Amino acid sequence: MPVNYENETLYSSEELSQILKVPQEEVTTFVKDRNINTVKLQNVIHIPKHTLEDFFDDYFAFKGMAGDRNYYKIPDWLNNCTSSWAITLTKMYQKSFNYPSPLSPEQGEFMKSLVCNINPKNVLEIGCFTGISTIWMAAGLEQIESPATIHSVDLFDDIMPWLPHRYGYLSNPLEYAQESVVTAQLSHRIKFHKMNSQEMGKKYHEIINKPIDFLFIDGDHTKRGCLTDLILFYPHVSIGGYILLHDIYPDNCDWDGPRFVIDKFLKNNSHFDLVEVKTSPNNFGMALIRKLSNDGKLNFADRLLKTQIWQQLKKNSVSQWITEFVFR
């Protein structure tokens with residue numbers, strides 16, 4: 001975790017070595033050779049946050065990786081579209097920190113079409129990242145002239161390189177997302193919430209207090225995180241409403257939470273319709289779920305999460321406490 005020192009946020013050489021997947025000594029030697037501004041705390045070199053973008057660019061150039069960055073290919077129809085939201089998305093896709101985590105243009109077009117057809121009155125997004133998926137959904141609402149609002153929840157932590165896929169760094173994702181939706185002329189449709197999704201789930205009636213017609217879960221991809229998001233927000237989804245899960249194929253996306261939720265709690269469940277969708281160009285996959293009726297076990301789990309009992313149960317693995325205490 002970064003530390004604050006004399007009103008400045010600092011990242012240690014140890015943290016940076018873990019991000020870059022190299023020995024700590026290599027980072028230390030690099031910053032010394034390049035005369036990069038550093039601060040030494042407890043005999044450990046730290047780099048100020050405001051210099052990280054230059055640090056990563058210099059390091060990747062030094063390693064010969066500057067020209068080896070991945071980006072999503074922009075389809076001709078999006079590249080030639082003159083709408084403000086399309087122009088904004090095209091520019092966002094050209095940022096190295098926007099690969100591969102956000103929706104690809106193909107996935108975004110699919111989501112926009114879903115929103116146009118579903119015509120939701122209220123949309124909740126868990127996991128905004130930099131706002132690409134948010135803009136795709138808002139563009140759909142704009143197309144059908146819907147009065148709906150998208151509530152987007154994220155911690156908006158700094159975005160770091162994720163090798164070997166992502167080489168970019170972004171220090172303030174919330175500010176970037178807010179500026180992007182303004183440029184896209186869609187800020188009237190979007191409200192960002194910088195908070196933990198569990199906090200939003202427990203205070204939903206205070207903050208939003210409307211049935212959810214379209215719920216996009218793309219936040220914490222661990223088993224516990226994804227399942228907790230489902231349990232906390234499922235009761236607020238209207239009958240006939242939709243839930244969309246991203247990153248459902250662990251072999252391709254390296255996350256197992258969404259797959260776990262599908263296999264253990266949604267598949268072959270009479271309270272839901274479910275269809276899995278392959279995605280391009282990276283088949284991380286999506287699952288579209290329609291809520292047909294209330295599942296008493298999930299409703300009970302939601303009530304359980306909001307009690308003190310959860311403080312004891314959360315010490316166990318998700319599969320253990322849900323199976324043993326709720327679903328047996």
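Applying the condition of being over 11 Å from the mean Cα position of the chain (by Cα) and surrounded by 20 or more Cβ atoms within 10 Å (Cβ to Cβ) to the range 98-113 and asking which residue is nearest to R166 (Cα to Cα) yields Y99. Consider the range 169-211 and keep the residues that are part of a helix (DSSP H, G or I) and basic (K, R). The one that is farthest from T149 (Cα to Cα) is K202.
The set of residues from the range 218-231 being among the hydroxyl-bearing types (S, T, Y) and buried (at least 20 other Cβ atoms within 10 Å of the Cβ) comprises just one member, T228.
Reported count of residues in the range 40-86, each being of a type outside the set (D, E, K, R), in contact (Cβ under 8 Å) with a residue 12 or more places away in the chain and within 21 Å of E25 (Cβ to Cβ), is 14. If you go through the range 38-90 and keep only what is surrounded by 15 or more Cβ atoms within 10 Å (Cβ to Cβ), in a loop (DSSP other than H, G, I, E, B) and aliphatic (A, V, I, L, M), you end up with just I74. Only one of the numbered conditions (1) buried (at least 20 other Cβ atoms within 10 Å of the Cβ); (2) not in a loop (DSSP other than H, G, I, E, B) is violated by P120, and that is (2).
Evaluation of F327 against the conditions (1) open to solvent by 30 Å² or more (accessible area, probe 1.4 Å); (2) within 25 Å of L215 (Cα to Cα); (3) modelled with pLDDT of 55 or more shows that the sole unmet condition is (3). The condition (being assigned to a strand (DSSP E or B), without any contact (Cβ under 8 Å) to a residue 12 or more places away in the chain and either in contact with a strand residue (DSSP E or B) (Cβ under 8 Å, 6 or more places away or on another chain) or farther than 20 Å from N172 by Cα (or both)) is satisfied by just one residue among N4, N35: N4. Of the residues that sit in the range 194-217 and are touching a Ser or Thr at 6+ places or on another chain (Cβ under 7 Å) and open to solvent by 10 Å² or more (accessible area, probe 1.4 Å), which one is nearest to G140 (Cα to Cα)? By that ranking, first place goes to D213.
Yes/no per residue for (1) buried (at least 16 other Cβ atoms within 10 Å of the Cβ); (2) among the hydrophobic types (A, V, I, L, M, F, W, C); (3) within 19 Å of the chain's Cα centre (by Cα); (4) in a loop (DSSP other than H, G, I, E, B):
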{"position": "G241", "(1), (2), (3), (4)": "yes, no, no, no"}
{"position": "L244", "(1), (2), (3), (4)": "yes, yes, yes, no"}
{"position": "N252", "(1), (2), (3), (4)": "no, no, yes, no"}
{"position": "R259", "(1), (2), (3), (4)": "yes, no, yes, no"}
{"position": "V275", "(1), (2), (3), (4)": "no, yes, no, no"}
{"position": "S280", "(1), (2), (3), (4)": "no, no, yes, yes"}
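The residue that is farthest from V182 (Cα to Cα), counting only those in the range 123-134 that are in contact with a Pro (Cβ under 6 Å, 6 or more places away or on another chain) and in a loop (DSSP other than H, G, I, E, B), is F129. The number of residues in the range 213-228 being in contact with a His (Cβ under 8 Å, 6 or more places away or on another chain) and under 12 Å from R259 (Cα atoms) comes to 0.
The values are calculated or read from the model by the stated rules, or taken from the named source; none is laboratory data. This is a predicted model, so every value here is computed, not measured. When we count neighbours, we look across all protein chains shown, and the Cβ atoms used for this are built from the backbone with ideal geometry, even at glycine. Only protein heavy atoms, including side chains, enter the accessible area calculation; ligands, DNA and RNA are left aside. Shrake-Rupley method; radii C 1.70, N 1.55, O 1.52, S 1.80 Å.
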